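Read the figures in this text as sums done on the coordinates, not as results from a lab. Every value quoted in this text rests on a predicted model; they were computed, and no experiment measured them. Please note: Cβ atoms are built from the backbone with ideal geometry, for glycine as well, and neighbour counts cover all protein chains shown.
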Amino acid sequence: MNRDQLEGSWNILKGKAREQWGRLTDDDLDVIHGRVEQLVGAIQQRYGKSYDEAEEEVTDWLDAVDTPSR
C-alpha cells in the first residue's frame, strides 16, 4: 500500500493501526487521518522512538497491510 492509499482508506485501516500500535488513542487516530508524517510523529511520541525507527515501522506496516477493497 502506498501513502496515498493510506489516506483514502484510513477509516478502514485505523483499526489495524490500533492493533499494531495499541498506545495510540482514538483521538490520535482521528487527528492522524491517514497522514503518514502524523502517524510517524504519534508513534515517536507514544513509544519514545526515533524518527527513523518510527518511519521504518510505518513503512513496514504499509508494505504488510492489505489494500482494502472499496
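Among the residues of the stretch 4-35, how many are more than 9 Å from the chain's Cα centre (by Cα) and more than 23 Å from GLY48 (Cα to Cα)?
Matching residues across the stretch 4-35 total 7.
Going by the structure shown, is ILE32 in contact (Cβ under 8 Å) with a residue 12 or more places away in the chain and under 18 Å from THR59 (Cβ atoms)?
Against the criterion (in contact (Cβ under 8 Å) with a residue 12 or more places away in the chain and under 18 Å from THR59 (Cβ atoms)), ILE32 qualifies.
For the stretch 11-24, check the following and say yes or no: at least one residue is among the β-branched types (Val, Ile, Thr) and touching a Pro at 6+ places or on another chain (Cβ under 7 Å).
Yes, the stretch 11-24 contains a residue that is among the β-branched types (Val, Ile, Thr) and touching a Pro at 6+ places or on another chain (Cβ under 7 Å).
Take LEU62 and decide whether it is buried (at least 16 other Cβ atoms within 10 Å of the Cβ), in contact (Cβ under 8 Å) with a residue 60 or more places away in the chain and in a helix (DSSP H, G or I).
yes
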